[in-house]
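Presented below is the structure to which this report refers.
FYI, it's all coordinate maths here, none of it is from the lab. Please read all numbers here as calculations on a predicted model, not as lab measurements. Counting neighbours? That spans all protein chains shown, and the Cβs are built from the backbone with ideal geometry, glycine included.
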Amino acid sequence: MYKFFIHSLLFFIIFPFTIVFGQEVEDSLVTDVPKGITPDKILSNYIKNNGGKRKIKKIKQLSLTMTAPVEETKLVVRKVYKGNYFYMKELKADKVVFKRYVIHGEKGYVFTATQVRELDYGEFKELQQEMNLYPELDYSQRGYFYELKGVENIAGKDAYRMEVFTPTGRRITEYYSTKNFLKVRSVEYKDSTNNIEATTDIQSYQNVKKLKGLRVPQNVQLTMDNGDRMKFKVAYNLDKRKLPSWLDFLRIDKWFFDENDYRI
């Protein structure tokens, strides 16, 4: 099981700010959308209920850490966002780093246990999609395709179902509450590549609190194809701390923030 989780998490490290209503239950069939509801109206209200466009755009730097126990190991996913020119994400098991990605300006790098290499054009563009905390602010301007498919019961609550395709072709199904337009679930579909089977990952987020006007989850649950679930504890830091040189992030023996620094 441990190896399966690690394998899945090497692809998972995508973290939209979403909200889920309690435990998952069997979902119902899709029904028609009420008159007057459009995809753009749903996205507009989603942003409004997450603090609003002005408050979101004021975020210049954010760091977060996600931790989850697996058997006798603690998995850690860490991310650092700074403007539109720096992004770092890392997956660790205890003190062992499996992968670390860094974007600085127009360059991207990936670190593994054996090498540091520059990302190719396709890899860079894919990772670049993750730099925006709220891509829903301007889906259409960024080249996203999105279509409203109906209303579906998710975890006991009705939600609008929207099919989204990123500029790089990644497919995501998003669900937004019919009551407050907050996102209740994200389902990501990954095609088979390099002898790796296609997967479907369901991301559910719980225990929502306010962070300087934003609504962010304190727990995130990942459900994988085989039904296994992993629950992460999430903490955040919005301090405008001075970051080390971006080149230092490529060194496997260095990490710059203690877990206790990530707090809400």
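3J(HN,Hα) couplings calculated from phi for the stretch 50-65 with the Karplus curve 6.51 cos²θ - 1.76 cosθ + 1.60 (θ = phi - 60°) are, in sequence order, 9, x, x, 4, 4, 5, 5, 6, 7, 6, 9, 8, 8, 10, 8, 9 Hz; Gly and Pro show x. Evaluating 6.51 cos²θ - 1.76 cosθ + 1.60 at θ = phi - 60° for every residue in the stretch 200-212, the Karplus couplings come out as 10, 10, 9, 10, 10, 10, 9, 6, 7, 9, 8, 10, 6 Hz, glycine and proline recorded as x. Over all other residues within a Cβ to Cβ distance under 13 Å of LEU119, the charged ones net out to 0, with Lys and Arg as +1 and Asp and Glu as -1. Distance between the 7 Å Cα→Cβ label points at LYS74 and LYS157: 3.1 nm. Residues with amide H under 5 Å of ALA155's amide H, sequence separation 5 or more or different chain, H placed in the peptide plane at 1.01 Å from N; which? Excluding prolines and chain starts, which carry no amide H, the hits are VAL25. For the stretch 33-114, the direction-averaged projected area of the alpha-carbon convex hull comes to 9.0 nm². For the residue pairs LYS107/LYS233; LYS82/LYS210; LYS57/LYS82, the alpha carbons lie more than 23 Å apart in LYS107/LYS233. Computed from point charges on the beta carbon alone (+1 for Lys and Arg, -1 for Asp and Glu), the dipole magnitude for the stretch 100-208 about its Cα centre is near 260 Debye.
For the stretch 144-183, what is the Kirkwood hydrodynamic radius in Å, using each pair of distinct C-alpha atoms? Please report the intermediate quantities before stating the final value.
Details: mean 1/r = 0.0960 Å⁻¹.
Kirkwood radius, the stretch 144-183: 10.4 Å.
Over all pairs of different C-alpha atoms, the stretch 118-196 has a mean inverse distance whose reciprocal, the Kirkwood radius, equals 14.0 Å.
Quick one: net charge around LEU62, please, counting Lys, Arg +1 and Asp, Glu -1 for every other residue with C-beta under 9 Å from its C-beta. Once positives and negatives cancel, what remains is +3. The slack in the chain from PHE98 to VAL208, taken as 0.36 nm per residue of separation less the alpha-carbon distance, amounts to 36.7 nm.
In terms of distances greater than 31 angstrom between alpha carbons, the cross-link table entries LYS179/LYS212; LYS92/LYS179; LYS48/LYS149; LYS99/LYS179; LYS74/LYS209 yield LYS92/LYS179; LYS99/LYS179.
Label positions at ASP120 and ASN84, each projected 7 Å from the Cα along the C-beta direction, are separated by 2.7 nm.
May I have the convex hull volume per residue, in Å³, for the Cα set of the stretch 79-135?
Working: hull volume 4.6 nm³, N = 57.
Dividing the Cα hull volume of the stretch 79-135 by its residue count gives 81 Å³.
Neighbour counts of other C-beta atoms within 10 Å: give me ILE56, ILE154 arranged from fewest to most. Write down the numbers at each step before the final one.
Numbers: ILE56 17, ILE154 23.
Ranked by crowding around the Cβ, least crowded first: ILE56, ILE154.
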